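Chemist: Take this structure first; my questions come after.
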Amino acid sequence: SRFAGLDGIRGLAALAVVLYHLGFHGPQARAKELVPLTPAPIRFLFVEHGGLGVAVFFALSGFVLSISLRSTRLSPVEAVHFMKRRCKRLIPPYYAALILAILVAGASAVVSNSPFELEGEPFSFMSLLAHLVFLQSALDLPQISSVFWTLCAEMFFYLAFALILMGVGSLWPRYPRQSLWFVLVPVSVLSLVAATGAVQGDWLPVPWLTTFAAFLLGAFTAWALLRRIHPAIPVVFGVAYLLTGWWGELPFKATVVGSAALFVLVTRVSTIGRILDTALFRFLGRISYSWYLTHSVVLSAVYFLVEKSFGTDRSAQLIYALAGIGATVVAATILQRLVEAPSIRWAKNEAVIAGVSPQRATDSLLGSPPQDPRP
């Protein structure tokens, strides 16, 4: 049976990010006059703190990848095929979103007779090349779209996860009982130190170092549910991660810990899973990756058109909000069907070639949910 509820969590997280970027606050507050009209719970969760949906994504990625793989170790060959599957799954929609962002920016420059800029920065081929290999954050280059930095983090998470499981696998023949701890203890400590920001600075502009602990907590939660590790381990790690909030990013870290707790509830309380497994939530979860990739660019294009046609008063902002949300859903649905769905099949074919069952290669945050781990 399906692991009911993960699509719903993923879809809600994507919706939160979209509403956050709609523009109620900040220097690009495109819909600020609509804030008083928004119900308080929605305003708090989605309008003011919707950007924390990224924290849910990171924890969910670690959780579902660990559930999907089932194992805490990989051979070098399996690790290579794991990364190939993730690249086949991740890159095609990402490249399509890159092309869309460049085309929209180019069209905007032509129509408004302004310089060709992306996110307010001049276009450069160096930035484009860095984006193609997910290195724009590491090289401290401007993002072509404001959401693309998280893709750099995801690729790092996958690579680090593969190396961790490969390290466990290499130690397994000699230390079958201790190999997991030989690898996970130092990795856990280093991730918590990184979460404090102690190793971060202008000389090291890589945000994924401070967020890798979020991915790890998701993985530990999954392994505890699968009885690979003691249930106390994700609890202790989660508390330690929360304590690093003393040095900053406490709301982000609290969201990660809360997400891990939600994953357990979805696993153990069938009512919650059924609520999050309704048709609407499944649809939002299915388009969530494409939605996340394209919403920022689509919202900018819609705002440009609405501003030119209707101005910027409250009624124009309402038109922008409704048209913007609708346009992002349509764009995401098209990208999901034309690019993302084929990339899912392509990634699963890699699993078959590698001799791994398609179920074991089930996609994580960027794909379909795995089997229900409940007994």
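Chemist: Assess whether ILE233 counts as being surrounded by 16 or more Cβ atoms within 10 Å (Cβ to Cβ), in contact with a Gly (Cβ under 8 Å, 6 or more places away or on another chain) and of a type in the set (A, V, I, L, M). Give the steps one after another, and end with the answer.
Modeler: Working: surrounded by 16 or more Cβ atoms within 10 Å (Cβ to Cβ): yes; in contact with a Gly (Cβ under 8 Å, 6 or more places away or on another chain): no; of a type in the set (A, V, I, L, M): yes.
It is false that ILE233 is surrounded by 16 or more Cβ atoms within 10 Å (Cβ to Cβ), in contact with a Gly (Cβ under 8 Å, 6 or more places away or on another chain) and of a type in the set (A, V, I, L, M).
Chemist: Still on this model: Just to be sure before I move on: is PHE44 among the aromatic types (Phe, Trp, Tyr) and farther than 30 Å from ARG177 by Cα in the structure I sent?
Modeler: Numbers: among the aromatic types (Phe, Trp, Tyr): yes; farther than 30 Å from ARG177 by Cα: yes.
Judged against the criteria, PHE44 is a match.
Chemist: While we're looking at this one, here's another question. Within the range 265-311, restricting attention to residues that are touching a residue at least 60 places away in the same chain (Cβ under 8 Å) and small (Gly, Ala, Ser), which residue is farthest from LEU22 (Cα to Cα)?
Modeler: In this case the residue turns out to be SER270.
Chemist: Output the residues belonging to the range 247-274 that are of a type outside the set (Gly, Ala, Ser), part of a helix (DSSP H, G or I) and farther than 27 Å from LEU209 by Cβ.
Modeler: Filtering the range 247-274 for residues of a type outside the set (Gly, Ala, Ser) gives 247, 249-253, 255-257, 262-269, 271-272, 274.
The next check asks that each one be part of a helix (DSSP H, G or I); those that pass are 247, 250-253, 255-257, 262-268, 271-272, 274.
Residues satisfying the conditions are LEU265, VAL266, THR267, ARG268, THR271, ILE272, ARG274.
Chemist: In this structure, does ALA55 turn out to be touching a Pro at 6+ places or on another chain (Cβ under 9 Å) and modelled with pLDDT of 95 or more?
Modeler: Working: touching a Pro at 6+ places or on another chain (Cβ under 9 Å): yes; modelled with pLDDT of 95 or more: yes.
So ALA55 fits the description; yes.
Chemist: A further question on this structure: Answer yes or no as to whether PHE63 is at pLDDT 90 or above, more than 24 Å from ILE334 (Cβ to Cβ) and part of a helix (DSSP H, G or I). It would help to see each step written out before you state the result.
Modeler: Numbers: at pLDDT 90 or above: yes; more than 24 Å from ILE334 (Cβ to Cβ): yes; part of a helix (DSSP H, G or I): yes.
Yes, satisfied.
Chemist: Return the pair list, or none, for Cβ contacts closer than 6 Å from residues in the range 226-242 that are part of a helix (DSSP H, G or I) and of a type in the set (Asp, Glu) to residues that are at pLDDT below 95 and surrounded by 12 or more Cβ atoms within 10 Å (Cβ to Cβ), at least 6 apart or on different chains.
Modeler: Taking only residues 6 or more apart or on different chains, not a single pair turns up.
Chemist: From ALA332, ALA321, ALA327, grab the single residue that is surrounded by 17 or more Cβ atoms within 10 Å (Cβ to Cβ) and either touching a residue at least 60 places away in the same chain (Cβ under 8 Å) or at positive phi (or both). Walk me through how you get there before you give the answer.
Modeler: Details: ALA332 fails: either touching a residue at least 60 places away in the same chain (Cβ under 8 Å) or at positive phi (or both); ALA327 fails: either touching a residue at least 60 places away in the same chain (Cβ under 8 Å) or at positive phi (or both).
Unique residue meeting the criteria: ALA321.
Chemist: Scan the range 146-165 and tell me whether some residue there is touching a residue at least 40 places away in the same chain (Cβ under 8 Å) and more than 19 Å from the chain's Cα centre (by Cα).
Modeler: Looking for residues that are touching a residue at least 40 places away in the same chain (Cβ under 8 Å) and more than 19 Å from the chain's Cα centre (by Cα), one finds at least one in the range 146-165, hence yes.
Quick grid of which residues meet (1) surrounded by 21 or more Cβ atoms within 10 Å (Cβ to Cβ); (2) more than 28 Å from TYR94 (Cα to Cα); (3) in contact with a strand residue (DSSP E or B) (Cβ under 8 Å, 6 or more places away or on another chain); (4) at pLDDT 95 or above:
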| site | (1), (2), (3), (4) |
| --- | --- |
| VAL264 | no, yes, no, no |
| THR267 | yes, yes, no, no |
| THR278 | no, no, no, no |
| TYR289 | yes, no, no, yes |
| HIS295 | yes, no, no, yes |
| PHE310 | no, yes, no, no |
| ASP313 | no, yes, no, no |
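Chemist: Of the residues that sit in the range 69-126 and are of a type in the set (S, T, N, Q) and under 25 Å from SER343 (Cα atoms), which one is surrounded by the fewest Cβ atoms within 10 Å (Cβ to Cβ)?
Modeler: Here is the first cut: in the range 69-126, the ones of a type in the set (S, T, N, Q) are 71-72, 75, 108, 112-114, 124.
Next, from what is left, pick out any that are under 25 Å from SER343 (Cα atoms): 71, 75.
Details: SER71: 15, SER75: 13.
For the range 69-126, the residue satisfying everything is SER75.
Chemist: Find the residue count for the range 140-188, including only residues that are part of a loop (DSSP other than H, G, I, E, B) and among the aromatic types (Phe, Trp, Tyr).
Modeler: Quick first cut of the range 140-188, residues part of a loop (DSSP other than H, G, I, E, B) only: 140-148, 172-178.
Pick out the ones that are also among the aromatic types (Phe, Trp, Tyr) and you get 148, 172, 175.
Number of matching residues: 3.
Chemist: Considering only residues that are at pLDDT 85 or above, in contact with a Ser or Thr (Cβ under 7 Å, 6 or more places away or on another chain) and within 26 Å of VAL56 (Cα to Cα), which ones fall in the range 167-211?
Modeler: Selection gives LEU192, ALA194, ALA195, THR196.
Chemist: Next question. Any chance you could count how many residues in the range 222-252 are of a type in the set (Val, Ile, Thr) and over 18 Å from VAL183 (Cβ atoms)? Don't jump to the end; show me each part of the working.
Modeler: Filtering the range 222-252 down to residues of a type in the set (Val, Ile, Thr) leaves 229, 233, 235-236, 239, 244.
Subsequent filtering for residues that are over 18 Å from VAL183 (Cβ atoms) retains 235, 239, 244.
The total comes to 3.
Chemist: Which condition breaks for TYR95 when tested against (1) more than 17 Å from the chain's Cα centre (by Cα); (2) under 30 Å from ILE164 (Cα atoms); (3) in a helix (DSSP H, G or I)?
Modeler: (1)
Chemist: What residue, of LEU90, LEU15, LEU37, is hydrophobic (A, V, I, L, M, F, W, C) and more than 21 Å from the chain's Cα centre (by Cα)?
Modeler: Only one candidate qualifies: LEU37.
The values are calculated or read from the model by the stated rules, or taken from the named source; none is laboratory data. Given the structure is predicted, the values throughout are model-derived calculations rather than measurements. Cβ: placed from backbone, ideal geometry, glycine included. Neighbour counts: every protein chain shown.
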